1. Taking segment 67-81 as the region of interest, how many residues are within 21 Å of Thr51 (Cβ to Cβ) and open to solvent by 50 Å² or more (accessible area, probe 1.4 Å)?
2. Which one is farthest from Pro293 (Cα to Cα) among residues in segment 87-130 that are among the β-branched types (Val, Ile, Thr), open to solvent by 50 Å² or more (accessible area, probe 1.4 Å) and touching a Lys or Arg at 6+ places or on another chain (Cβ under 9 Å)?
3. Tell me which residues, restricted to segment 294-319, are part of a loop (DSSP other than H, G, I, E, B) and among the β-branched types (Val, Ile, Thr).
4. Considering only segment 155-209, state which residues are at pLDDT below 90 and basic (Lys, Arg).
5. Could you figure out which of (1) open to solvent by 60 Å² or more (accessible area, probe 1.4 Å); (2) without any contact (Cβ under 8 Å) to a residue 60 or more places away in the chain; (3) out of contact with any Gly (no Cβ under 8 Å at 6 or more places or on another chain) isn't true of Pro63?
6. Going by the structure shown, is Asn368 in contact (Cβ under 8 Å) with a residue 60 or more places away in the chain and of a type in the set (S, T, N, Q)?
7. Does Val306 satisfy the criteria of being open to solvent by 50 Å² or more (accessible area, probe 1.4 Å), over 17 Å from the mean Cα position of the chain (by Cα) and at negative phi?
8. Right, Asp291: among the acidic types (Asp, Glu), without any contact (Cβ under 8 Å) to a residue 24 or more places away in the chain and open to solvent by 30 Å² or more (accessible area, probe 1.4 Å) or not?
Amino acid sequence: MFGGSMRTIRLAFLLLLAWPSGLPGALEYRLMTGDRSARASGEWTVLVAVTNPDAIEAGVDLPERTVARVGSRSVQLERKMEGFPLGIAPGTTVLVEYRGILPDDLDGLLAVELEVLAAGRCYVEVVSGDEAGRSPSTGPTSPMKPAPVGKSSREIEESRVPRFARNISFYEPIYFVVGPRVSLNAKFQLGFKYRLLSEEASLAAAMPALGDLYLGYTQTSLWDLGSESKPFLDTSYKPGLFYYEQYSGIRFFGFELEWIEGGYQHESNGQGGEDSRSLNTVYVRPSLRYDLPKDWYLRFMPRGFVYIDDLSDNPDLPEYRGYFDLSLKIGQLNGLELSTLVRIGTEPGVGSFQLDLTYPMDRLFFGNAASFLHLQYFDGWGETLLNYDQRLPSQVRIGFTLLR
C-alpha cells in the first residue's frame, strides 16, 4: 500500500515541475515596498506591479481601497493612482501605489501580504515611533529605573525587552496535538531561530551574507498520556547552523522563489546505550510559491541532505529516511491550509507521510482565540527517531498550532 502511495507522490512531484508558468490571459501581480524601512505610526507606501505577459492588451481594475497583512496586524491601504480601469499593453508592467498608516505597536522585520489579491509577499523593517524619535545620546529606559513621566504602559514594557530579543524569530511549526493509538498520546513541536549578527553593524554591512547566518533549534516530542506515569516516548533535539536568505522576483515554472536555507543540522534523541540515536546532515531547502486565485497559494519546499558521519547508532537510517524530503502546502493566507511532509527511504516502498490541516480559530470563536485548529495524520516508518525502523499503526491527532 505504501509503495503505491510513493509512486503517486513521485508522479505528483513530476507534474508539479511541469506546471506551466502562467495561464493564457492571466495578469501577473507582484507586491513590493516603496521603502524597505518605515516608522510605526507613520505613512507607508506599497507598490503592486501588474504585468501583462500576453500578446494582446489586457484590462485591470484594482480596488481603490484594500487591506495589507503586516506581521499579525491588518493595515488599511488607499490607492493613489487614478484613471481605473487600466489597459495594459502586451509585455509591459504598470506600478500602482497604495498608502496607509502603520500601527504604533509594530517593530522589526515583518512579512507583508495583501488579503484580497494574490500578489506574493514582501518585507518591511519597521522602527517603533519611540525608537525613531530618540536622540543618539538617549538610550533605552533601564528596567531598574523609574520610567519617565508620560510613558505608556506599552512603552514601559518594551523598554524591558532584552537587547537582542529582536534577533529571535519562529522557525519550524509550533503545535500540540493529541490522539489515541495503542493508548492516548500527544505530539508537540517547538522551533526557533536566532540571527547571529546585527544587520546594521559594520561586519554585516561589509559582507551582507554574514547577516543571514542563524542558529536554529527544533524539538519534537511524543508523550504517552495513557500510562500511569505518563512518560515521554521519545524526543528529537535538532540544533543547527544555517544560512537563510529571502528573495523576490525570481521565478521557476511559475513558482516564485521566496527563500533558500542551507547549512548543518545535528539530530539526536538524547538517550544512551541501545536507545541512542543520532545523525549529522548538511542540507539545502528552498521555498517556492505559486499564487492561486482568491488569495490561495501553493508552497513547495523540497529538502536534500547528505549524512556526514558514520551513523554508528543507526547505520541503516537512509533505508528509512533516504536523502530527500518534500513539504507541500496549499492554503489561504488567513484561512484553511493543508500541508504534507513526505520522506522516501532508499529501501523500496519505505518512507513516511504526514498531513497537517489547520484553520484559524479566531474565525470560529469571534476573534478571541489566538491559534489555529490543527488536525494531523501520520502513516509510515519512524515517527520517532528511536523507532526509525518500525512502522506503527497510522495515527490521527487533533490540537492547536501557534505557528504553521
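The values are calculated or read from the model by the stated rules, or taken from the named source; none is laboratory data. Keep in mind that this is a model prediction, so the values were computed, not measured. Glycine also receives a Cβ, built like all others from the backbone with ideal geometry; neighbour counts cover every protein chain displayed. Note: accessible area is taken over every heavy atom of the protein model, side chains too, but ligands, DNA and RNA are not part of it. Shrake-Rupley method; radii C 1.70, N 1.55, O 1.52, S 1.80 Å.
1. Summing the residues that are within 21 Å of Thr51 (Cβ to Cβ) and open to solvent by 50 Å² or more (accessible area, probe 1.4 Å) in segment 67-81 gives 2.
2. Taking the candidates together, the pick is Thr93.
3. Ile308
4. Of everything in segment 155-209, those that are at pLDDT below 90 and basic (Lys, Arg) turn out to be Arg160, Arg163, Arg166, Arg181.
5. (1)
6. Answer is no for this residue.
7. yes
8. Spelling it out, it is not the case that Asp291 is among the acidic types (Asp, Glu), without any contact (Cβ under 8 Å) to a residue 24 or more places away in the chain and open to solvent by 30 Å² or more (accessible area, probe 1.4 Å).
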